[in-house]
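In what follows, a structure is listed as structure tokens, so that the remarks can point back to it.
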Amino acid sequence: MKNVSLKSLKHPEITVLRSREPSPSPAIQKTVTDILRRVRKEGHKAVLDYAKRFDGLKGNLQVSNTELRREAGKTNATVRAAIRKAIANVRKFHLRQRETSWRLKGSHGETLGQIIRPLDRVGIYVPGGAGVYPSTLIMNSVPAQVAGVSEIVVVTPCARGLNPAVACAALELGISEIYKIGGAQSVAMLAFGTEKVRAVDKIVGPGNVYAALAKKEVFGTVDIDMIAGPSEVLVLFDESADPDWVAADLLSQAEHGSGYEAVVGITTSKQAAVWVAECVKVQVESSPKRAILEKALKQYGRIFVVPDWKLGCDVANALAPEHLEVMTKNPRALLPKLRNAGAIFLGPYSSEPVGDYFAGPNHVLPTNGSARFFSPLGVYDFYKRTSLIEYNQKALRKEGKLIAALADAEGFIHHAAAVRKRM
């Protein structure tokens, strides 16, 4: 892991970290576009063809209740208990995010307001392949349920069968509409619908490059959460932090495996930087994932030594990381200076995986610097808001001249006429 002395935000290493997003090849883009076009045209026939070709589908596309319960039953008691507790924690946190409709009376008796309604039907992409992600299902479905979404449908690649932990989470969440399909073909099915699967209003959840590109293309036909990029962690630490703990937290993101993960430490202590770098080296050398870790660290693993915490916080804000840990003697002192992050973890016991799996806040977070303007997934992402306007005769007569004047100023004579006829 490279140690870098940093004196300003203009250092080229900052540019390297901010421009690490991989670009999909034209061939992949064309494949995604072709899949979307064919599914939209041919419907379920195309979906089944792609599911068999790319997802190794054998048998039915939809998971039956019998299969769901059978696979969920394979989950051991400890994992089942962890899933239940995680769901409870996430639900408790997200209940604080609920919104309600409101109305107010204007000065002339008119009624103005906002109507809050949940989306009707939401699709959740749960990645498959080499990983197992019941936490993805929990983090995406709980806020939708809290918002009041009545129908939740799950798509997940199942080349090796439905994963027991995912099945267990689905059962605990009361989700039964699950399809054994992934990639662009699953996104197309959710966005456009088929003869057998109704289209959704919104698609959430991370996926491979094909799924991510497909989500980007169908945005506008349906809503999406965000385009998730490679994972990121940034740890602010000083000599009070246990270097072995800091190293472990850095590696917790490097293990994701794309090679584009940003793994960054920032400290004001040269000695602390040396200690952490050595601990990283020791942990990597003894890890069964050594090759994966080394790839990520070589490309985007950095420890920045800064002259003071002002610059340290400025660097953190410039990078706007997905996960930002503060392991300093007084972590709360730095909190007001940290403006851009998906989630902030304060203190030595707030390790990033605590938030990933269990604490309650959502782990679906903005990546690639988008925490400057994006927020974590939440209940508010599953609402639609409708404005309400109810003018009476008195209100229109009092304000009609001003309304018509604005319409005239914009050259919309029929807008103005529609108001004047009522005055």
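Determine whether segment 100-113 contains at least one residue that is in contact with a Phe, Trp or Tyr (Cβ under 7 Å, 6 or more places away or on another chain) and modelled with pLDDT of 95 or more.
Checked segment 100-113: at least one residue is in contact with a Phe, Trp or Tyr (Cβ under 7 Å, 6 or more places away or on another chain) and modelled with pLDDT of 95 or more.
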So for segment 361-377 (the condition being among the hydroxyl-bearing types (Ser, Thr, Tyr), farther than 25 Å from residue 243 by Cα, surrounded by 13 or more Cβ atoms within 10 Å (Cβ to Cβ) and modelled with pLDDT of 95 or more), does at least one residue qualify? yes
Scope segment 393-405; condition surrounded by 13 or more Cβ atoms within 10 Å (Cβ to Cβ) and either under 45 Å from the mean Cα position of the chain (by Cα) or of a type in the set (A, V, I, L, M) (or both); matching residues: 395, 396, 399, 403, 404
Of the residues in segment 224-264, those that are within 30 Å of residue 188 (Cβ to Cβ), touching a residue at least 24 places away in the same chain (Cβ under 8 Å) and not in a loop (DSSP other than H, G, I, E, B) come to 232
Are any residues in segment 9-34 loosely packed, with under 11 Cβ neighbours inside 10 Å and outside any helix (DSSP H, G or I), and if so, which ones? 10, 19, 23, 25
Selection status of residue 58, outside any helix (DSSP H, G or I), closer than 21 Å to residue 163 by Cα and free of Cβ contacts under 8 Å to residues at least 12 places away in the same chain: yes
Inside segment 290-317, can you point out the residues that are among the aliphatic types (A, V, I, L, M) and either in contact with a Gly (Cβ under 6 Å, 6 or more places away or on another chain) or closer than 17 Å to residue 258 by Cβ (or both)? 291, 292, 293, 296, 297, 303, 306
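Consider residue 91 carefully, then state whether it is within 16 Å of residue 137 (Cα to Cα), out of contact with any strand residue (DSSP E or B) (no Cβ under 9 Å at 6 or more places or on another chain), of a type in the set (Lys, Arg) and surrounded by 14 or more Cβ atoms within 10 Å (Cβ to Cβ).
The answer is yes for residue 91.
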Mind checking which residues of segment 168-193 are out of contact with any Lys or Arg (no Cβ under 8 Å at 6 or more places or on another chain) and hydrophobic (A, V, I, L, M, F, W, C)? 169, 170, 173, 175, 178, 181, 184, 189, 190, 191
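Residues that are outside the structural domain of residue 83 (by TED's automatic domain parsing) and over 29 Å from residue 90 (Cβ atoms): which helices (runs of 4 or more DSSP H) entirely in segment 286-381 hold 2 or more of them?
Once the helices (runs of 4 or more DSSP H) in segment 286-381 are filtered for at least 2 residues that are outside the structural domain of residue 83 (by TED's automatic domain parsing) and over 29 Å from residue 90 (Cβ atoms), what remains is 290-300, 309-319.
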Answer yes if at least one residue in segment 265-280 is under 30 Å from residue 336 (Cα atoms) and part of a loop (DSSP other than H, G, I, E, B), and no otherwise. yes
From the residues in segment 340-358 that are of a type in the set (A, V, I, L, M) and under 16 Å from the mean Cα position of the chain (by Cα), which one is nearest to residue 238 (Cα to Cα)? 344
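Conditions tested, residue by residue: (1) over 16 Å from residue 320 (Cα atoms); (2) in contact with a helix residue (DSSP H, G or I) (Cβ under 6 Å, 6 or more places away or on another chain); (3) buried (at least 23 other Cβ atoms within 10 Å of the Cβ).
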| site | (1), (2), (3) |
| --- | --- |
| 220 | yes, no, no |
| 230 | no, no, no |
| 233 | no, yes, no |
| 248 | yes, no, no |
| 253 | no, no, yes |
| 258 | yes, no, no |
| 262 | no, yes, yes |
| 277 | yes, no, no |
| 281 | yes, no, no |
Against the condition at positive phi and either surrounded by 24 or more Cβ atoms within 10 Å (Cβ to Cβ) or assigned by TED's automatic domain parsing to the domain that holds residue 353 (or both), how does residue 174 come out, does it pass? no
Scan segment 49-58 for residues that are surrounded by fewer than 17 Cβ atoms within 10 Å (Cβ to Cβ) and either at pLDDT 95 or above or of a type in the set (Lys, Arg) (or both) and report the count. 4
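The values are calculated or read from the model by the stated rules, or taken from the named source; none is laboratory data. Only a predicted model underlies this, so the values are computations on that prediction, with no experimental measurement involved. Note that we place each Cβ from the backbone using ideal geometry, even for glycine, and neighbour counts take in every protein chain shown.
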